[in-house]
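The values are calculated or read from the model by the stated rules, or taken from the named source; none is laboratory data. Predicted model only: the values in this text are computed from it and were never measured. A quick note on method: Cβ atoms are made from the backbone with ideal geometry, for glycine too, and the neighbour counts reach across all protein chains shown. The accessibility values were calculated without ligands, DNA or RNA, using every heavy atom of the protein model including side chains. Shrake-Rupley method; radii C 1.70, N 1.55, O 1.52, S 1.80 Å.
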Amino acid sequence: MRTEEARPVRLKDYRPPDWLVETVELDVSLDSTATPVRAALTLRPNGSGAAPAPLVLDGDALNLRALKLDGAALPPEQFVATPDRLTIAQPPQRRFRLEIETVVDPSANTQLSGLYRSGAIYCTQCEAEGFRRITYFPDRPDVMAVYTTRIEAEKAEAPVLLANGNLVRSGDVPGTTRHFAVWHDPFPKPSYLFALVGGNLACVEDRFRTMSGREVTLRIYVEQGKERRCLYAMDALKRAMRWDETAFGREYDLDIFMIVAVSDFNMGAMENKGLNIFNDKYILASSETATDTDFERIEAVVAHEYFHNWTGNRITCRDWFQLCLKEGLTVFRDQEFSADQRSRAVERIGDVRGLRTHQFVEDAGPLAHPVRPAVYHEINNFYTATVYEKGAELVRMLRVLLGAENFRKGMDLYFSRHDGQAATVEQFVQCFADVSSTDLTQFMLWYSQAGTPEVVATGSYDARAKSYRLELAQSIPPTPGQPSKQPMVVPLAVSLVGREGRDLPLKLDDGRTVERGVLTLTKSVETFVFADVAEQPVASLNRGFSAPIKLSANLSADDLRFLAAHDADPFNRWQALQTLATRLLLDNTAASRASRPARHDPGLLDALGATLADGALEPAFVALALTLPGEAEIAREIGHDVDPDAVFAARAALRAAVGEYLAGPLFDHYRRLSESGPYRPDAASAGRRMLRNTCLDLLVATQQPEAISLAARQYQAADNMTDRMAALSALSLCDVPERAAALDDFYARYADDPLIVDKWLTLQATVPEPATLDRVRALTSHRAFSFANPNRVRALIHAFALANQKEFNRADGAGYDFIVETVLALDPKNPQLAARLVSALKNWRMLEPVRRERAEAALRRVATAPSLSPDVGDIVRRALAKD
Ligand code: BES
Ligand code: ZN
């Protein structure tokens, strides 16, 4: 294992590779502890005339068995092989063939990077730098090669053998109990997209006819017996394929597309060319086992990985600094897909909530970094909310700035200009500049400046002049390594909403028109004056969340209630209620800390009641409107000296107040929304269940016996996992006897199903009571739990650290101690998982002094532990840095 502090890698040091690889022939003979890997590479110098270049190949924990150059064994004095590097100082400066034999131990691979075993299945995970754990290779995304893979295995152990591309040949190995398969992928690809799988897998098959009429075979491979649970994922895949054709004009390019679901996986899923590998959590679903949220997630992840075939695979990244080029863009595409499949407004609100809880929080702490970082120590730590979610927002802003038509033209140009290449963010943005003749130089600052811009909007109406003046001021807070910033391009979708709720015409007094309702702020301070404004309006700003900023506007509580009731933009209707709730929660958190009585806001309660009563609104939207901002988001709004107990108390009190005040209508809706007929996972039915379960949750928040027994009854009577989980989840927050009974019942029902047991673990980890930490500790010895399986660890431990702010942040520091212990135990086995867990401590600086000191001490204990992985070392060093 690598333990030394890894080298810093800098964007400005990028150099094209000295050597290119034209073809790779791999021959992998699967064996549980000693798998020989024979790799034959055709290498050629990149460019001519330069000084003779040595050949340096990457490795990680490798074991070289044999090395041949153009068919002849290479004498030992002509190369140096260490576990992490193979160097040939003076290779011939021409095309040559290098044959490398290594041997790897899949069973000992607990990091789940490279070739490993998930249960009885052999599989690979190569992004970002896992291929070098299989063979020596220039393991960087700008080296693209054509791969042919021969896999051999025991027929009984691994009847199914898969790799990227098309099956060329397969058969028995004469005189043995083994067989083989040869796969060829005609598309040149970087090594991180390589994959192979071997195992006893069942398969669901379907077909898809592309827009140009080609037939594609679709296969999803899973553990035997789970085929029925793949049907939704298959349906989502076909919808995603069709959508990419209509929305982006992109069709699939191989004759077969395969997905394999495995139960041990560090991430959600991986887009390997023609052979996606998935965490089975994002494939398996049936009404009895999965919730509506699970179905929604499966649809999004299947689509995301499929969309990478164009944004990531056909056009890949030049280097890992460009990660947002594939991830931000592909998240944008999967968000748009979900918006089109379901409800655009509901999708947008959900995405913005996610952005605020994860990315804004990251951006406000010591791990803040630009969407395109300038330096990294460990690339695995940069698969972050900033690269993904903020990266997606930047693509979305391009569309806001240029309009849908030019945006599509820019995408088309990107696909045609860079197909088959390893590209950069500059090249991507240049396509949009070219099609729209727009200068996007200032826009590029979004990629290089970290931190969430804060925009202060001050509007005033001049009744006599019939004009509305909007002053906008932007500032970007300092972040590590970036003490001061330049103003950015902020596209603000705006409207002036008149008395009747209608959008008033927008005309600037200098004669400029406001194109597509978007004001573009480019300076620190800018004033826009609207002319011919017939009546006093209320400004609706940053509609649809057109820019990923923190906006504060001089809107009164009355203005916000007006927008909540009348704004034509559903996002801002939702936002108005959130703003009102946030103001109250901040006040009451402060009051709770100062032992002052809480403030009541009947206006907010009435506004929520009016939203609930508005039959024209989608149920899922109403549910989101009734959901208060989360504790992490409130904490980030407070920003410093945060007491998580006070945040929790303020939020719990407001939930209870809503439940009490609206008890009548909540009960009514609960009854009215009960579904008849069999469960269906579609957005409309899911939305009704969501609203009904939100009503239940608010009622249970009052702790009234009537509400508790309603939840207990729903738990028992539910005919689908959504309703059963919702009832159990509401109950789990209350200290009532019904809770333990229901939790025991739940485990007894589903003990055999690990993905459902994960839900059970999470529920217990998120109980906001002092006994929870001991319970979590005890559960680590439960037979259903294992530190070796990332899903189990995330369900129990990550859930405790990230979704139970109150108990994780116990004032006695015991929550932090537990995380430190777990991180140190996990690190030698699975550093990526350990690094994600230790990141839970990243916001230590915003805590009140007692907790802050304990959290800092916890981080220091990790930092000074011997033989930390580069992954964990990098996180704790940055989390503690003075900067
Ligand atoms: N390429 C990533 C998976 C990945 C990430 C592999 C980091 C290795 C290291 C994949 O496309 C991805 O982004 N997956 C997400 C889910 C997606 C829907 C955002 C994941 O795994 O969480
Ligand atoms: Zn991705």
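For the chain, what is the Kirkwood estimate of the hydrodynamic radius, computed as the reciprocal of the mean inverse distance between distinct Cα atoms, to one decimal in Å? Please report the intermediate quantities before stating the final value.
Working: mean 1/r = 0.0345 Å⁻¹.
This gives a value of 29.0 Å.
Per q in 0.14 1/Å, what log10 I(q)/I(0) does a Debye calculation on the alpha-carbon atoms of segment 756-883 return?
The calculated log intensity ratios at q = 0.14 Å⁻¹ are -0.56.
If you take every residue apart from Glu426 with its C-beta less than 11 Å away from the C-beta of Glu426, what net charge results, scoring Lys and Arg +1 and Asp and Glu -1? Mind dumping the intermediate values first?
Details: positive: Arg318, Arg372; negative: none.
Its environment carries a net charge of +2.
Using only the Cα atoms of segment 618-695, construct the convex hull and provide its projected area averaged over every direction, in square nanometres to one decimal.
Values: hull surface 24.6 nm².
With every direction weighted equally, the projected area is 6.2 nm².
From the Cα gyration tensor of segment 341-412, with a ≥ b ≥ c the square roots of its eigenvalues, which class applies: rounded if a/c is under 1.5, or else prolate if a/b is larger than b/c, or else oblate? Don't skip to the end; give the middle numbers.
On the way: a/c = 2.56, a/b = 1.45, b/c = 1.76.
Verdict is oblate for segment 341-412.
Can you tell me the 0 to 90 degree angle between the C-alpha axis of helix 292-307 and the longest principal axis of the chain, rounded to 10?
50 degrees
Tell me, what are the semi-axes, in whole angstrom and largest first, of the equivalent ellipsoid of segment 115-252 as set by the roots of 5 times the Cα gyration tensor eigenvalues? Don't skip to the answer; put the middle values down first.
Numbers: eigenvalues 137, 95, 46 Å².
After diagonalising the Cα gyration tensor, the semi-axes are 26, 22, 15 Å.
Find out how many positive minus negative residues lie around Arg65, taking Lys and Arg as positive, Asp and Glu as negative, among other residues whose Cβ is under 10 Å from that of Arg65. Could you put the intermediate results ahead of the total?
Values: positive: Arg38; negative: Glu101.
Counting the neighbours of Arg65, the net charge comes to 0.
What's the Kirkwood radius of segment 654-699 in Å, using all Cα pairs?
Numbers: mean 1/r = 0.0905 Å⁻¹.
11.1 Å is the Kirkwood radius here.
Apply the Debye scattering formula to segment 1-157, with a single equal point scatterer on each alpha-carbon and no solvent, then give log10 I(q)/I(0) at q = 0.15, 0.20 Å⁻¹.
-0.83, -1.40
Between 0 and 90 degrees, rounded to the nearest ten: what's the tilt of helix 663-672 against the longest Cα principal axis of the chain?
The helix 663-672 is inclined about 50 degrees to the chain.
Cα axis of helix 870-880 to longest principal axis of the chain: angle in degrees, 0 to 90, nearest 10?
30 degrees
By the scheme Lys and Arg +1, Asp and Glu -1, what is the net charge of all other residues having a beta-carbon under 12 Å from that of Asp587? Intermediate results must be reported in sequence, preceding the final value.
Details: positive: Arg583, Arg593, Arg596, Arg599; negative: Asp601, Glu637.
With Lys, Arg at +1 and Asp, Glu at -1, the net is +2.
Any of Lys550/Lys882; Lys390/Lys842; Lys68/Lys829 with alpha carbons more than 22 Å apart? Name them for me.
Numbers: Lys550/Lys882 25 Å; Lys390/Lys842 18 Å; Lys68/Lys829 34 Å.
From the list (Lys550/Lys882; Lys390/Lys842; Lys68/Lys829), the Cα-Cα distance tops 22 Å for Lys550/Lys882; Lys68/Lys829.
I need the fraction of alpha carbon pairs in segment 739-831 separated by more than 21 Å, rounded to a whole percent. It would help to have the intermediate numbers written out before the result.
Details: 1182 of 4278 pairs.
Looking at segment 739-831, the distances longer than 21 Å represent 28 percent of pairs.
Which of rounded, prolate, oblate describes segment 209-308, given a ≥ b ≥ c as roots of the alpha-carbon gyration tensor eigenvalues and a/c under 1.5 marking rounded, otherwise prolate only if a/b is larger than b/c?
Values: a/c = 1.76, a/b = 1.59, b/c = 1.11.
Prolate is the answer for segment 209-308, as a/c is 1.5 or above and a/b outweighs b/c.
Any idea what the alpha-carbon Rg over 2.2 N^0.38 Å comes to for segment 101-165?
Values: Rg = 12.6 Å, N = 65, 2.2 N^0.38 = 10.7 Å.
Working it through for segment 101-165, the quotient is 1.17.
Label segment 304-455 by shape, choosing from rounded, prolate and oblate, from the square roots a ≥ b ≥ c of the eigenvalues of the Cα gyration tensor; if a/c is under 1.5 it is rounded, and otherwise prolate applies when a/b is larger than b/c, oblate when it is not. Each step should come with its number before you reach the end.
Working: a/c = 1.35, a/b = 1.14, b/c = 1.19.
Judged from the Cα gyration tensor, segment 304-455 comes out rounded (a/c under 1.5).
Against the empirical 2.2 N^0.38 Å scaling, what ratio does the C-alpha Rg of segment 470-619 come to?
Numbers: Rg = 17.6 Å, N = 150, 2.2 N^0.38 = 14.8 Å.
Expressed relative to 2.2 N^0.38 Å, the Cα Rg reads 1.19.
Counting alpha carbon pairs within less than 8 Å and at least 6 residues apart, what relative contact order, in whole percent, applies to segment 621-701? Provide the component values of the computation, followed by the final result.
Details: 53 pairs, mean separation 32.7, N = 81.
Contact order relative to length: 40 percent.
If the cut-off is 17 Å between C-alpha atoms, which aspartates and glutamates fall inside it for Lys226, apart from same-chain ones fewer than 8 positions away?
Glu205, Asp206, Asp235, Asp264, Asp280, Glu288, Asp294, Asp752, Asp753
Which value at 222 nm does the chain reach when only helices count, each DSSP H run of 4 or more adding -39,500 (n - 2.57), with the total divided by all residues and rounded to the nearest 500 deg cm²/dmol?
Values: 28 runs with 333 residues, N = 883.
Counting only the DSSP helices, I get -11500 deg cm²/dmol.
Per the Kirkwood treatment, what hydrodynamic radius in Å, one decimal, follows for segment 134-206 from the mean inverse distance over all distinct Cα pairs? If you can, show how the numbers build up before the last one.
Details: mean 1/r = 0.0743 Å⁻¹.
For segment 134-206, the Kirkwood estimate is 13.5 Å.
Output wanted: per-residue J couplings in Hz (rounded whole) for segment 570-576, from phi through Karplus 6.51 cos²θ - 1.76 cosθ + 1.60, θ = phi - 60°, x for Gly and Pro.
These are the phi-based 3J(HN,Hα) values: x, 4, 6, 4, 5, 4, 4 Hz.
Please tell me the relative contact order of the chain in percent, rounded to the nearest whole number, where contacts are Cα pairs under 8 Å and at least six residues apart.
Numbers: 1730 pairs, mean separation 79.0, N = 883.
It rounds to 9 percent for the chain.
Would you kindly calculate the mean projected area, averaged across all directions, of the convex hull enclosing the Cα atoms of segment 195-264, in square nanometres?
Here the figure is 5.3 nm², rounded to one decimal.
Largest first, how would Cys203, Cys734 line up by accessible area (1.4 Å probe)? It would help to have the intermediate numbers written out before the result.
Numbers: Cys203 55, Cys734 5 Å².
Descending accessible area places them as Cys203, Cys734.
About its Cα centre, how strong a charge dipole does segment 78-133 have in debye, to the nearest 20, once Lys and Arg get +1 and Asp and Glu get -1 at the Cβ?
On the way: 7 positive and 6 negative charges, 50 e Å.
So the magnitude is around 240 debye.
For segment 211-224, what does the Karplus curve 6.51 cos²θ - 1.76 cosθ + 1.60, with θ = phi - 60°, yield as ³J(HN,Hα) per residue in whole Hz, taken in order and with x for Gly and Pro?
4, 8, x, 7, 8, 10, 7, 10, 9, 10, 9, 9, 3, 3
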